[in-house]
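Notes follow the structure.
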Amino acid sequence: MEKILITGGLGNLGSWLTEYIANQGYEVWILTKNFRKIITKVKYHLINCDLADFADIKEKLKGLSFDYVVHAGSVNDSFVTGYFKLAIDVNTLGTRNMLEYLAPLKVKHFIYLSTFQVYGKYEGDIDEDTPTTPVNDYGSTHLFAEYFVKQFAYTHKLPYSIIRLTNSYGCPKDMNTSKWYLVLNDLAKSAFENKEIILKSNGKALRDFIWMGDVCKVFHQLLQNTPANDTYNLASETTYTMLDIAHIVKETYLEKYKKDIPIKVNEKDITEYPQHLHVHAQKLKSIVQYHHTVSFKEEASKIFDLLGKKK
């Protein structure tokens, strides 16, 4: 059985990856600072470790080697006090720490989960050749980390794939997730708790949303491919406005509870948002097979069920 290490494997997307990859027959190891066993349907090994502390990594991973590594551990809660330093320590230096530990271990494939926010662009056409000019700490720290991945590919022949992900969505595996601010989670929670959907904006902002189930399938295929030491966008290539998502949540709520609820937008927001956004993913689709799955209603319904259990 081949061994895979997933950093951040109990995070919002990481928990989806952990459950999916474990079901594919791999021996899964999770590196996390969150030691709660929130996934119970599959077997995996937990390593409680701080990515920002190289000494901790050496101590906790001593004697362990892995065939594959999915590095999904990062912090993107930019509203947290002192976020810049936290992002540098975890997203950038934490990535370098992992690379330094893994460099002599003959890993077959190191998959780095980056973000399309490295482009700093939210309109027009975006492909892998689009200039990277990040406009926030999250994008900047991931871009710096990408450079370290390429550096270790050159100095230590570490095979890699860099995946620039757009906006993934899916019902949290953990009720105590810190990611209730994500669009679908936030709107479904608003509908369930307030009996109305409240948008903080005018709802016109465009986003490329991709279902976490599709992300998991792509990562599994990447593990089976010979790495080309390259960078890829992972996107649905389909855009939605925030208001589009709100109407889907409203429709799901009506079907599930037989009650109609209002959508309230922020009338004070007069921002003129771009009319066109296309994040191209054809480069990735040339090496793996995936199709855009629309699962907003299914995931919104699962979020309602999750919140219902808490209530």
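Below, the figures for the structure above:
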{"item": "Residue that is more than 20 Å from the chain's Cα centre (by Cα) and of a type in the set (D, E, K, R), where the choices are K121, K150", "result": "K150"}
{"item": "Checking V28 against (1) farther than 23 Å from R164 by Cβ; (2) open to solvent by 10 Å² or more (accessible area, probe 1.4 Å); (3) not in a loop (DSSP other than H, G, I, E, B), the condition it does not meet", "result": "(2)"}
{"item": "Qualifying positions in the stretch 74-119 - among the small types (G, A, S) and open to solvent by less than 10 Å² (accessible area, probe 1.4 Å)", "result": "A87, G94, S114"}
{"item": "Residue match in the stretch 288-296 (condition: out of contact with any Lys or Arg (no Cβ under 6 Å at 6 or more places or on another chain) and assigned to a helix (DSSP H, G or I))", "result": "yes"}
{"item": "Residue pairs meeting the criteria (Cβ under 6 Å; at least 6 apart or on separate chains; first charged (D, E, K, R), in the stretch 99-117; second modelled with pLDDT of 95 or more and outside any loop (DSSP other than H, G, I, E, B))", "result": "K108/Y68"}
{"item": "Candidates D208, D214 - the one that is acidic (D, E), under 30 Å from V107 (Cα atoms) and open to solvent by less than 30 Å² (accessible area, probe 1.4 Å)", "result": "D214"}
{"item": "Which listed residue, of E267, E237, is on the phi > 0 side of the Ramachandran plot and in a loop (DSSP other than H, G, I, E, B)", "result": "E237"}
{"item": "Qualifying positions in the stretch 144-178 - under 21 Å from L206 (Cβ atoms) and of a type in the set (K, R)", "result": "R164"}
{"item": "Criterion (open to solvent by less than 10 Å² (accessible area, probe 1.4 Å) and of a type in the set (D, E)) met by exactly one of E196, E267, E299, E272", "result": "E299"}
{"item": "Residue list for the stretch 34-59, filter: within 19 Å of E100 (Cβ to Cβ) and open to solvent by 30 Å² or more (accessible area, probe 1.4 Å)", "result": "D50, A52, D53, F54, A55, K58, E59"}
{"item": "Condition check for T132: hydroxyl-bearing (S, T, Y), open to solvent by 40 Å² or more (accessible area, probe 1.4 Å) and over 20 Å from the mean Cα position of the chain (by Cα)", "result": "no"}
{"item": "Residue match in the stretch 284-294 (condition: surrounded by fewer than 16 Cβ atoms within 10 Å (Cβ to Cβ) and among the charged types (D, E, K, R))", "result": "no"}
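The values are calculated or read from the model by the stated rules, or taken from the named source; none is laboratory data. This one's a predicted model, so the numbers in the text were calculated from it and none came from an experiment. For neighbour counting, all protein chains shown are included, and Cβ atoms are generated from backbone atoms with ideal geometry for every residue, glycine included. Each accessible area value is taken on the protein alone, full model and side chains, heavy atoms only, with ligands, DNA and RNA left out. Shrake-Rupley method; radii C 1.70, N 1.55, O 1.52, S 1.80 Å.
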